[in-house]
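To start, the structure under review is shown below, and the notes come after it.
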Amino acid sequence: MDRTTRHSETRYGNRPTMKDVAARAGVGLKTVSRVVNSEPGVTPDTERRVQEAIDALGFRRNDSARVLRKGRTASIGLVLEDLADPFYGPLSRAVEEVARAHGALLINGSSAEDPEREQELVLALCARRVDGLIVIPAGDDHRYLEPEIKAGIATVFVDRPAGRVDADMVLSDSFGGSREGVAHLIAHGHRRIGFIGDQPRIHTATERLRGYHAAMTDAGITVEDSWVSLGSTEPGRVRAAAEAMLGGPEPVTALFAGNNRVTVTAVRVIAERDRPVALVGFDDIELADLLGITVISQDAAAVGRTAAEHLFRRLDGADHAPARVELPTTLIPRGSGELRPA
């Protein structure tokens with residue numbers, strides 16, 4: 001082999017073709033195609049020679065032509081809020097497992113809670129011809145997706161409703177879960193209960209706040225403005241809110257944390273104080289069982305699995321009206337939510 005040939009075979013981007021496989025195996029292109037696509041009509045000996053050539057050359061089938069023939073890419077997109085958020089790990093894994101069972105590849109990305117970035121990422125996935133999308137929305141206006149949905153891209157929204165478009169959605173019962181968690185604190189003697197949540201433009205934050213107010217109203221408790229704080233889940237902001245509620249002459253005796261990131265900071269603040277403070281957090285967190293943290297748990301894997309199953313039913317031809325599925329939450333008492341007022 002001369003230097004020119006060696007350079008050609010090792011140059012980046014110069015992938016081996018079916019023609020290269022055919023030449024190495026000493027067979028025709030049609031025979032290679034049959035082996036690659038698992039079609040009948042090839043003797044075991046010939047199939048073995050072709051497979052050895054494929055392995056030696058590192059040949060990989062190019063699916064572009066198959067995509068053009070079938071009109072499907074066997075891929076779906078998943079747009080998350082934050083890849084680092086523990087809630088999205090089991091959700092993403094569940095989506096991937098359903099996709100794999102349907103022979104599809106999962107491509108995911110993070111919007112970082114930015115509506116513009118969400119739209120940019122969603123449309124980039126559409127441009128790559130994914131068959132369907134599962135979106136945890138950052139924005140509240142998804143009309144930009146209407147042409148894609150009309151063109152046949154199945155879409156399911158997760159954790160939060162779609163904005164200004166009709167589409168399938170799979171949610172957790174944020175309102176009911178929050179109401180149950182706050183009622184649990186009230187049942188253990190608390191009447192001064194603080195609520196620290198995420199930004200008010202986020203659907204789950206407002207639903208959990210609504211559940212808090214409902215539980216307090218049910219118990220005949222008037223909520224003071226200083227007991228409620230919505231905003232960034234950045235630790236500094238949450239710490240300041242918690243310290244303000246727990247300080248002063250009439251501090252709250254319990255906290256309800258609106259999501260897992262708020263809970264983590266609340267645990268740190270409470271650990272620094274001399275008197276016990278009851279705590280219930282929405283979302284489970286790592287080591288919560290060892291730390292004795294009472295939580296409202298939502299089944300992230302069930303949310304992801306349900307969303308993916310809805311998506312593939314759409315891809316298989318289901319044409320019923322857009323469905324709204326709301327999955328229940330579970331109160332897990334571990335000690336922190338059962339403390340009575342000091």
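Where a number appears in this text, it was derived from the coordinates with a stated rule and is not lab data. Model, not experiment: these values are computed from the prediction. Every residue, glycine among them, receives a Cβ derived from its backbone with ideal geometry; neighbour counts consider all protein chains shown.
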remark   = Between the alpha carbon centres of segment 194-269 and segment 147-191 the gap in Å comes to 19 Å
inquiry  = Per 0.36 nm of contour for each residue apart, how much would the distance between His213 and Asn37 grow if the chain were fully extended, relative to their Cα-Cα spacing?
reply    = 57.4 nm
Ordering of 106-113, 208-215, 144-151 by packing [mean C-beta count within 10 Å, highest first] = 208-215, 106-113, 144-151
inquiry  = Suppose the chain between Val165 and Ala323 were pulled fully straight at 0.36 nm per residue; how much longer would it get relative to their current alpha carbon spacing?
reply    = 55.6 nm
remark   = Measuring from the longest principal axis of the C-alpha atoms of the chain, the long axis of helix 88-101 (C-alpha) lies at a number of degrees, nearest 10, equal to 30 degrees
task = Identify the residues of segment 216-256 with backbone N under 13 Å of a label point that sits 7 angstrom from the Cα of Glu272 along the Cα-to-Cβ direction, or state none.
result = 235-247
inquiry  = Averaged across orientations, what area in nm² does the convex hull of the alpha carbons in the chain project?
reply    = 23.7 nm²
request  = Grab the beta carbon distance between Ala74 and Asp140, set R0 = 30 Å, and tell me the FRET efficiency rounded to 0.05.
outcome  = 0.45
ask   = When the chain is fully extended, how far beyond the present Cα-Cα distance does Glu116 get from Ile332, taking 0.36 nm per residue of separation?
value = 74.1 nm
message = Take Leu29 and Asp55, extend 7 Å from each Cα along the Cα→Cβ direction, and tell me the distance between the two endpoints in nm.
response = 2.7 nm
Net dipole in debye of the chain [+1 Lys, Arg Cβ; -1 Asp, Glu Cβ; about Cα centre; nearest 20] = 1400 debye
ask   = For Arg93 and Arg340, FRET efficiency with R0 = 51 Å and r from the beta-carbon atoms, rounded to 0.05?
value = 0.85
ask   = By how many degrees, 0 to 90 and rounded to 10, does the Cα axis of helix 203-218 deviate from the longest principal axis of the chain?
value = 30 degrees
key: Efficiency of FRET between Thr17 and Ala127 - r from beta-carbon atoms, R0 25 angstrom, step 0.05   = 0.40
inquiry  = Can you list residues from other chains, or at least 5 along the same chain, whose modelled amide H is less than 5 Å from the amide H of Leu230?
reply    = Gly197
query = Among the trypsin sites (Lys or Arg not before Pro) within segment 238-277, which fall in a DSSP loop and have no more than 11 other Cβ atoms within 10 Å of their own Cβ?
reply = none
ask   = Any idea which of Ala53, Gly281, Val295 is furthest toward the positive side of the dipole for the chain, if Lys and Arg beta-carbons carry +1 and Asp and Glu beta-carbons -1?
value = Ala53
request  = Taking the chain as the reference, fit the longest principal axis to its C-alpha atoms, fit the long axis of helix 260-271 to the helix C-alpha atoms, and give the angle between the two in degrees, 0 to 90, nearest 10.
outcome  = 40 degrees
ask   = For the residue pair Thr222 and Ala302, what label-to-label distance in nm results when each label sits 7 Å from Cα along the Cα-to-beta-carbon direction?
value = 3.9 nm
message = Please give the Cα centre distance for segment 283-299 versus segment 96-115, rounded to the nearest Å.
response = 26 Å
key: 9 Å beta-carbon shell around Pro235, net charge (K/R +1, D/E -1)   = +3
